[in-house]
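Accompanying notes for the structure given below.
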Amino acid sequence: MSQNAPIILAYVGVILAIALSGGGSAYGVTLTAKAAIGGMKKTPESFGTFLILCTPPSTNGLYGFLGYFMMSGHLAAGTDLSMYKAAAIFAACTALGIVNLCSAVFQGQASASAIAAISSGHDIFGKSLMVIVFAELYAIVALAALFLINQSLL
């Protein structure tokens, strides 16, 4: 096994956290943006409401980036990183990325549905936003788990 294998494994985990979280956010925001553009054709005065509904999927990409900052102290260790720590970083960051990917996509779908309903004349903005935020909870839980794993590796 290469001396650099642990640091490579840790970096792959961090890259997956950033890529999956960011990709999920990009996709989720695109879903809501497309719905908002369609909704503004019917109700152009709802732009502000639609803009707010486009934001929930965007937070997930930030959580992946925060994961990098949480683990950056271990990455700075370089070749002194043990395979145990590297495997923990890889697993925790990959889990964060997958959870954030799913959360962002599902938030995007829910937000797009809310935008479609609002543009059809239904007054459901507040109720919709409450439900959309439920998916955010799991992204936050995944970030909290990464924080706790990071603390256990110190």
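For this structure, a couple of remarks:
- Qualifying residue in the stretch 57-67 (condition: under 17 Å from Ile7 (Cβ atoms) and in contact (Cβ under 8 Å) with a residue 12 or more places away in the chain): yes
- Any hit, the stretch 80-97, residues being touching a residue at least 40 places away in the same chain (Cβ under 8 Å), surrounded by 14 or more Cβ atoms within 10 Å (Cβ to Cβ) and not in a helix (DSSP H, G or I): yes
- The residue that is surrounded by the fewest Cβ atoms within 10 Å (Cβ to Cβ), counting only those in the stretch 32-63 that are among the hydroxyl-bearing types (Ser, Thr, Tyr) and under 23 Å from Tyr138 (Cα atoms), is Thr55.
- Which numbered condition Ala77 misses (of (1) among the small types (Gly, Ala, Ser); (2) over 23 Å from Tyr138 (Cα atoms); (3) at pLDDT 95 or above): (3)
The values are calculated or read from the model by the stated rules, or taken from the named source; none is laboratory data. From a predicted model like this one, the values you see are computed outputs, not experimental measurements. No Cβ is skipped: glycine too gets one built from the backbone with ideal geometry, and neighbour counts run over all protein chains shown.
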